[in-house]
1. Residues being of a type outside the set (Asp, Glu) and farther than 28 Å from ILE56 by Cβ: count how many of those fall in segment 356-382.
2. Search segment 427-448 for residues that are farther than 19 Å from CYS356 by Cβ and pair each with any residue that is small (Gly, Ala, Ser) when their beta-carbon atoms are under 8 Å apart and the residues are at least 6 apart or on different chains.
3. For segment 122-135, does any single residue satisfy the condition of being away from the ligand (no atom under 14 Å from the Cβ) and buried (at least 18 other Cβ atoms within 10 Å of the Cβ)?
4. Given the conditions (1) within 22 Å of PHE85 (Cβ to Cβ); (2) touching a helix residue (DSSP H, G or I) at 6+ places or on another chain (Cβ under 9 Å); (3) buried (at least 21 other Cβ atoms within 10 Å of the Cβ), which single one is not true for GLU176?
5. Any residue in segment 230-254 that's modelled with pLDDT of 70 or more: show its pairings with residues that are in a loop (DSSP other than H, G, I, E, B) at Cβ separation under 6 Å, as long as the two are six or more apart or on different chains.
6. Which residues, taken from segment 284-294, are surrounded by fewer than 23 Cβ atoms within 10 Å (Cβ to Cβ) and not hydroxyl-bearing (Ser, Thr, Tyr)?
7. Among the residues of segment 265-321 satisfying the criterion of being part of a loop (DSSP other than H, G, I, E, B) and within 14 Å of the ligand (Cβ to nearest atom), which is nearest to ILE227 (Cα to Cα)?
8. Under the condition of being within 16 Å of the ligand (Cβ to nearest atom) and either outside any strand (DSSP E or B) or aromatic (Phe, Trp, Tyr) (or both), which residue from segment 147-173 is surrounded by the most Cβ atoms within 10 Å (Cβ to Cβ)?
Amino acid sequence: MRLSGRDMCRKLALRCICRPARPARRYYTPAAPSTLKVLGTDYPADSYTNITPTIISKLSLQLHRQPAHPLGTLRMLIESHFPSFSHLSCLSPIVTPYQNFDSLSFPADHPGRSVTDSYYLNKDVMLRTHTSAHEVETFAKGETKWLLTADVYRRDEIDGSHYPVFHQMEGAEIFEATPSSMKKVEEDNEQLSAHLERSNIVIEDIPHITSTNPAQPSHDPRHSEIIALNLKLHLNSLLLELFGGVAGASKEEPLRVRWIEAYFPFTSPSYEVEVFFRGKWLEILGCGVVLQSTLDRANVPSKLGWAFGLGLERIAMILYSIPDIRLFWSRDERFLSQFTPGKISTFKPYSKFPACFKDVSFWLPDRPETQAKMHDNDFCDLARDVAGDLVEDVKVIDKFTHPKTNRDSLCYRINYRSMDRSLSNEEVNAIQDLVISHLKDRFGVEIR
Ligand code: DAH
């Protein structure tokens, strides 16, 4: 394998859930209410509860369902590429850890489960971290070819291409594992190949199945090959449709796509796909042959098939030339009025307003070794809660442990910048003061 799971996630706006291991417990106990209301339902809070008001405020926005919004248009374009598929886009973001992880065979100690990486309402209920969370229920409903678009939530650091809420589209098709059904897939493969051969696309492919990216033991390897090829052909033609017009510097330059061996807990073989854009390879999606245990759980054990998951912001940022992920959330008319339903257009920046950097250095409170330390994501959620989208990015600029006292010191640099206007120094100072006072209250830190 070329990259470790975590390396791959680092590069990916669709951000795979492989992360460094973190303890699944919190190190501080804010004075939280004992129940919380989310999308009209009350949930008892517990030691897992870490969803923030900022995140709750995003749950009902559904950007992917606004027709003129770049994410809405992108959804529609992909849906029209798969006209015979069911198009689902209204599923609640509130799921169980079973749906998000166990139903997809994630190991019990997978780092994505930790409270530092995912948002929990309480230990039994969380926000989906990926659209794959709905695979089992969708297959169980009898859907055999479907696209599912949704908002997904991950705790993360803040920068121009990461936001704690983003949008994914999951696509899947399953087939009866019989000779006649496989023959139909082969015919489909021939048609798709013929179309791609006539198109201006260069595909760097890899073998469908290898010893490190194997067919599943319960599959006839020939069936697995046919399904993997069908997946590749469908995705190559989707990428050709989406990027064909924009990928190269000139119209004559072909679209370059490359396939890479990957690992996901719920597919085998698994792949990632990259597109060459403005001199760089960009990771666009993850995919593979669906693990048979997923289909068994969905009560369709006689089927086999493929699935993919792609990050919509990543693709929309490229197609529309949108430079900062926060813009998708802007309600500024200068942003929204630029777009028409169903049409990709180049975003015209209305202005780049000045940045304002503020540092905060502090000592963490003394804690027994066994207790988890404040995580960077805790700091980012706090900053986002206080300053909203005025935070452009957050960086740790210093971290050390005092050799004598053993106390930990941290320094974060927050870059404040509005998408819509200039911020005054007084305004930013007031926000920074609030960040500091919340930091003291919530985490008991001592400002240096
Ligand atoms: N759910 C994965 C993620 O968020 C993406 C993905 C990978 C989806 C492989 C799939 C798949 O359906 O087959 O990183």
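The values are calculated or read from the model by the stated rules, or taken from the named source; none is laboratory data. Just so you know, these numbers come straight off a predicted model, no measurement behind them. Every residue, glycine as well, gets a Cβ built from its backbone with ideal geometry; the counts of neighbours run over all protein chains shown.
1. Of the residues in segment 356-382, the ones of a type outside the set (Asp, Glu) are 356-358, 360-365, 367-368, 370-375, 377, 379-380, 382.
Adding the requirement that they be farther than 28 Å from ILE56 by Cβ leaves 357, 361, 363, 367-368, 370.
Residues that pass the stated criteria total 6.
2. Pairs found: ILE447/SER361; ARG448/SER361; ARG448/SER409.
3. yes
4. Going through (1) within 22 Å of PHE85 (Cβ to Cβ); (2) touching a helix residue (DSSP H, G or I) at 6+ places or on another chain (Cβ under 9 Å); (3) buried (at least 21 other Cβ atoms within 10 Å of the Cβ) one by one, GLU176 breaks only (3).
5. Partner pairs satisfying both residue conditions: LEU240/SER199; PRO254/ASN200.
6. LEU291, GLN292
7. Only one residue tops the list, namely LEU291.
8. For segment 147-173, the residue satisfying everything is ARG155.
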